[in-house]
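The values are calculated or read from the model by the stated rules, or taken from the named source; none is laboratory data. Quick caveat, the model's predicted, so the values are computed rather than measured. Cβ placement follows ideal geometry from the backbone for every residue including glycine, while neighbour counts extend to all protein chains displayed. Note: areas computed on protein heavy atoms with side chains; ligands, DNA, RNA excluded. Shrake-Rupley method; radii C 1.70, N 1.55, O 1.52, S 1.80 Å.
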Amino acid sequence: MLPDFIIELIRLKLNKRIPEDFLQDLQKNAQLVEIDKGDILFSNQAKQNRTFVIVAGSLIRFVNTPGGEDRATMFYTETFFPIVGNNFAEIKASSLAYYIRANENTKLVEFKQDFAISCIEKYPSLAKMMFLNMVDYFQIHYLIQNHLVALTSIDFFQWLMEQYGFIFMRFQSQDIASFMGITPAWFSKLKRKANQK
């Protein structure tokens, strides 16, 4: 069961655009999870049928490449891709291993995917809000991925800094370098070049 202060946070964040009945259902069917920096929230071997919403803190999704390298593939905060779960990362046609690691001490609301689906059916206004949020998330995700593929590393670095500068403030250079597919040493050179411009 979720504590009252989390329900109040959700109520304030959504500016009372959410049905009170839903908040009561959420309080009964969800729990608060707290993990420390460096802890694994879940991998494709664990936490099946679970969805998490970040209340405070940040996470990084990693995929294990066939060569055995762990590569950062996305960043999550309470305002940037705040929803994470196996239903967003696990694809049956893929055998790649992945995991989600805490970048900071993080608080999350955890609930079963089945509960989320039942709420979408029960609360049409919630379904509409979630659909619009997901469209935004997909657009941002594709925008970042397209720029990562199309631009040189220095141009992508500058673009990411201009558009999503908070990533550089909240996440470690080595993880951003991993996301970009470059070494930490090359990332340091890019920072120096970007600062000279």
### Message
Return the residues of the range 54-77 that are surrounded by fewer than 18 Cβ atoms within 10 Å (Cβ to Cβ) and farther than 19 Å from Ser95 by Cβ; say none if nothing qualifies.
### Response
Ala56
### Message
Please count how many residues of the range 2-26 are surrounded by 11 or more Cβ atoms within 10 Å (Cβ to Cβ) and either of a type in the set (A, V, I, L, M) or in a helix (DSSP H, G or I) (or both).
### Response
16
### Task
Take the residues in the range 123-144 that are under 27 Å from Gln27 (Cβ atoms) and at pLDDT 90 or above, then tell me which one is most open to solvent (accessible area, probe 1.4 Å).
Asp136
## Note on the structure
Filter the range 146-182 for residues that are without any contact (Cβ under 8 Å) to a residue 12 or more places away in the chain and open to solvent by less than 50 Å² (accessible area, probe 1.4 Å); the one that is nearest to Gly57 (Cα to Cα) is Phe168
### Query
Can you pull out the residues in the range 62-97 that are assigned to a strand (DSSP E or B), within 29 Å of Ile10 (Cβ to Cβ) and modelled with pLDDT under 85?
Gly85
### Task
Determine whether the range 42-61 contains at least one residue that is assigned to a strand (DSSP E or B), closer than 19 Å to Leu143 by Cα, modelled with pLDDT of 90 or more and among the hydroxyl-bearing types (Ser, Thr, Tyr).
no
### Message
Looking at the structure I just gave you, is Lys37 at pLDDT below 90, open to solvent by 30 Å² or more (accessible area, probe 1.4 Å), under 20 Å from Asn105 (Cα atoms) and not aromatic (Phe, Trp, Tyr)?
### Response
no
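Rundown of residues vs (1) under 15 Å from the mean Cα position of the chain (by Cα); (2) part of a helix (DSSP H, G or I); (3) closer than 30 Å to Lys28 by Cα, yes/no style:
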| site | (1), (2), (3) |
| --- | --- |
| Lys107 | yes, no, yes |
| Cys119 | no, yes, yes |
| Asn146 | no, yes, no |
| Phe157 | no, yes, no |
| Ser178 | no, yes, no |
| Ile182 | no, no, no |
| Ala194 | no, yes, no |
